[in-house]
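One structure below.
The values are calculated or read from the model by the stated rules, or taken from the named source; none is laboratory data. The model shown is predicted, which means the values in this text are computed figures rather than measured ones. Cβ atoms come from the backbone with ideal geometry, glycine included; neighbour counts cover every protein chain shown.
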Amino acid sequence: MNQRDARRLSLILLFMPFALWILLLILLPHIGMGVLSLREKIAPRQYEFGFDNYIEFFTEPIYWHIMARTAIMSLIVTALALVIGFPVSYYIAKIAGPRTRGAMFMFCLIPLWVSDLIRAFGWILLLRETGVISGVLQWTGLISEPIELLYNDAAVIVGLVYTVMLFMIVPLTSTMDGMDDSMIEAGYNLGGNGLTVLRRIIIPYAMPGIISGSIIVFMLTAGSYLTPVLLGGKYSSWFTQTIYDQFITRYNWESGAAFGFLLLIFTSLVVWIGLKLSGQSLSSTVARS
Amino acid sequence: MRMTMKTAVLLTATMLAGMGSAQAETLRLLTWGGYAPENVIAKFEEMYPDIDVEVTLSNNEEMVAKLRATGGAGFDLAQPSHDRIYAPQLEYDIYKPLDMSKIDTSVFEPKLLDGVKANTTIDGEIYAVPHQWGTSGLMADKSKAPDFKSWGDLCNPEYKGKTSMRLKRTILLGTAYSMGEDPFATYSDLDAYQALLDKVVEKLSACKDNIKAYWKGGDDLSAMMLSGEIVASETWDSTAYKLYNENNNIVFVPPETGALAWIDTFVIPRKGEADDAAYKWINFVLQPEISQMMSESTGAIVAVKGGKDLLPDHLKAAVNAAFTDEDINNLKFFANIPPGVEDMEGKALEKIQAATGG
């Protein structure tokens, strides 16, 4: 009897930090935000219950334009991260020896030791009109005038891909790690060329890793703030920036909260569509790796 | 000895309270970068060894947001600009009325003190006193843009791709002035102000092609200006003065319609817990020798009598290169922001940010 109690107690104790974390840091704030987002401001210190903040999002084109922009750019970042990350992961999982593997993981990890802000400033130094890349290109004579590479969408995409790369590589590598080499050999023995083997064997096997990596990367990108703000130019706006403006510049917490929820709903929707299209489920992808 | 729950709680409470008074008092200061320089803090703590100064750096909008989030708790002294006190207090009740008897008001420049009092009195209670003031205007590299002189010049095609501005309310107001309007006069009629804002949005959206990028803080503005990537920009005067020290061609240009003047103030948050320490800090930093250290650090003028003479020499040179007496008389002080205007201006800025060009 006593032993069962002790076991139950240890289970509760082990579970407690997680439960508290979910409850205090995720659930409660979201409930608070939900309540806030349903308040309409009538006059100073006067509020009324209503859906106005949500309606405003759909009636004012600038907001959903920015949302759509954010989604499209995030998808581009996700695709680029996948295209760049896939060969790297394949090399780490299948080709590299155990020692090289550790070293390569290390190289992927190192950029994360530096804070987001410093990384963004690094890109600024490289890309600006009087920056390193422009200077080198002029020195080699490839261009005659200084060239501005900063303050545009491409700069934002480059900065974001760099930031999220590791989150694509880790799930991909761990999935491909489990693949038996003999499957690839069998593919070649049966007369397949490199492309067929990739298409028919490796990619289907790596699918859960691809999807889980893409979900993490997409969510991180759509919710990022610093990189788009620092690297983006006059025509780049990110939805998180709009939320920040609602809260801080406009003192309009009610619509800021509503926008926060809309971003959450929208990104979840994109993830859900992605899962449906690829025929995967959350439990077979993110939960597995 | 058996302790009841009640005595246990009481005992713990007493112990905690005892610990609180034995430890040094903390003054939690919510202020701008440069407004609490190390050397001033060191001198203050030397004079009041039982007070620890803790500094959090912020800006106008974030100060109000932070205090609103806690209902005015978490800080003992804050320094928003004089136009950010009346409406936030009405809407969110985040400040505490000041006890003027605890502040040595004789040291203030009377014009500034009266101005701030007039702007921040609610129901007969005064909520703020001035600390430092300065202006927002333009700066230009005289060797590359010698004729740069008005807000409208930021949109002048002659400087295409070579100008910058910060997407905040200053540029809305400046642009309104350059269009021959007086935005502060229309604050009382919000419909008229909205009509004016619409015109400003149109103008600034069309002007987007002319801008290189919107600057977000003093650092990226300085980098763009010093590297010559831009030749002129909307700016805070203190940033321009700093750059003048590095390159004498870069000067602050008061726009011909008048530079916009701001006064950063002292306010005590509603739930501040160290009022005495806060008053001590206010009186302390207004002393002439501390004011001088303050100006050295912030590049702004302290709102005490003869504050301009307390500027360090290199700043005096920069100010004299920028301002004539006529410019000083032409200063436009930011008017109180009535409730609701913050939201209208925020929306206008969003529209400009989202515009796809002219």
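Looking at region A:111-120, can you tell me whether even one residue there is outside any helix (DSSP H, G or I) and crowded, with 16+ Cβ neighbours inside 10 Å?
The answer is no; no qualifying residue exists.
Name the one entry in A:163, A:130, A:196, A:175 that is of a type in the set (S, T, N, Q) and not in a helix (DSSP H, G or I).
Only one candidate passes the filter, namely A:130.
Rundown of residues vs (1) touching a Leu at 6+ places or on another chain (Cβ under 9 Å); (2) closer than 20 Å to residue B:344 by Cβ; (3) crowded, with 18+ Cβ neighbours inside 10 Å, yes/no style:
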residue: B:79; (1), (2), (3): yes, no, yes
residue: B:92; (1), (2), (3): yes, yes, yes
residue: B:109; (1), (2), (3): no, no, yes
residue: B:118; (1), (2), (3): no, no, no
residue: B:121; (1), (2), (3): no, no, no
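Given the options B:322, B:317, name the one that is surrounded by 19 or more Cβ atoms within 10 Å (Cβ to Cβ) and either on the phi < 0 side of the Ramachandran plot or not assigned by TED's automatic domain parsing to the domain that holds residue B:182 (or both).
Of the residues listed, the single one that is surrounded by 19 or more Cβ atoms within 10 Å (Cβ to Cβ) and either on the phi < 0 side of the Ramachandran plot or not assigned by TED's automatic domain parsing to the domain that holds residue B:182 (or both) is B:322.
Residue check: is residue B:308 closer than 26 Å to residue B:57 by Cα, more than 14 Å from chain A (Cβ to nearest Cβ), charged (D, E, K, R) and in contact with a strand residue (DSSP E or B) (Cβ under 7 Å, 6 or more places away or on another chain)?
yes
Kindly indicate which of B:301, B:328, B:337, B:352 is under 22 Å from residue B:114 (Cβ atoms), within 14 Å of another protein chain (Cβ to nearest Cβ) and of a type outside the set (Ser, Thr, Tyr).
B:337
Considering each residue of region A:20-54, count those that are under 10 Å from residue A:257 (Cα atoms), surrounded by fewer than 16 Cβ atoms within 10 Å (Cβ to Cβ) and within 12 Å of chain B (Cβ to nearest Cβ), and give that number.
Residues that pass the stated criteria total 1.
Hey, which of the helices (runs of 4 or more DSSP H) in region B:35-146, taking only ones fully inside, have at least 1 residues that are within 14 Å of chain A (Cβ to nearest Cβ)?
Because the criterion is at least 1 residues that are within 14 Å of chain A (Cβ to nearest Cβ), the helices (runs of 4 or more DSSP H) in region B:35-146 that meet it are B:60-70, B:86-92.
Every residue, every condition in (1) modelled with pLDDT under 75; (2) of a type in the set (Lys, Arg); (3) touching a helix residue (DSSP H, G or I) at 6+ places or on another chain (Cβ under 8 Å), yes or no:
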site	(1), (2), (3)
B:3	yes, no, yes
B:7	yes, no, no
B:23	yes, no, no
B:40	no, no, yes
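Quick check on region A:142-150. Is at least one of its residues touching a residue at least 60 places away in the same chain (Cβ under 8 Å) and either more than 28 Å from residue A:274 (Cα to Cα) or within 14 Å of chain B (Cβ to nearest Cβ) (or both)?
The answer is yes; a qualifying residue exists.
Inspect region A:216-239 for any residue being on the phi > 0 side of the Ramachandran plot, in a loop (DSSP other than H, G, I, E, B) and away from every other protein chain (no Cβ under 14 Å) and give the result as yes or no.
For region A:216-239, residues on the phi > 0 side of the Ramachandran plot, in a loop (DSSP other than H, G, I, E, B) and away from every other protein chain (no Cβ under 14 Å): absent.
Can residue A:251 be described as touching a residue at least 12 places away in the same chain (Cβ under 8 Å) and within 11 Å of another protein chain (Cβ to nearest Cβ)?
The answer is no for residue A:251.
From the residues in region A:257-283 that are hydroxyl-bearing (Ser, Thr, Tyr) and free of Cβ contacts under 8 Å to residues at least 40 places away in the same chain, which one is nearest to residue A:221 (Cα to Cα)?
Here the answer is A:268.
Would you be able to say whether some residue in region A:223-230 is closer than 22 Å to residue A:166 by Cβ, of a type in the set (Val, Ile, Thr) and out of contact with any His (no Cβ under 9 Å at 6 or more places or on another chain)?
Yes: one or more hits.
Please go through region B:218-234 and give me each residue that is closer than 27 Å to residue B:324 by Cα, under 21 Å from the mean Cα position of the chain (by Cα) and modelled with pLDDT under 95, ordered by number.
B:218, B:221, B:222, listed by residue number.
Residue check: is residue B:344 within 14 Å of chain A (Cβ to nearest Cβ) and out of contact with any Gly (no Cβ under 7 Å at 6 or more places or on another chain)?
Yes, satisfied.
Name the one entry in A:259, A:247, A:239 that is hydrophobic (A, V, I, L, M, F, W, C) and within 13 Å of residue A:74 (Cβ to Cβ).
Being hydrophobic (A, V, I, L, M, F, W, C) and within 13 Å of residue A:74 (Cβ to Cβ) holds for just one of A:259, A:247, A:239, which is A:239.
Determine whether residue A:164 is surrounded by 13 or more Cβ atoms within 10 Å (Cβ to Cβ), more than 14 Å from chain B (Cβ to nearest Cβ) and either under 24 Å from residue B:223 (Cβ atoms) or of a type in the set (Asp, Glu) (or both).
no
Search region A:47-62 for residues that are in a helix (DSSP H, G or I) and pair each with any residue that is among the basic types (Lys, Arg) when their beta-carbon atoms are under 7 Å apart and the residues are at least 6 apart or on different chains.
A:62/B:351
Just checking, how many residues over region B:254-266 are over 15 Å from residue B:170 (Cα atoms) and touching a Lys or Arg at 6+ places or on another chain (Cβ under 8 Å)?
Within region B:254-266, residues that are over 15 Å from residue B:170 (Cα atoms) and touching a Lys or Arg at 6+ places or on another chain (Cβ under 8 Å) number 1.
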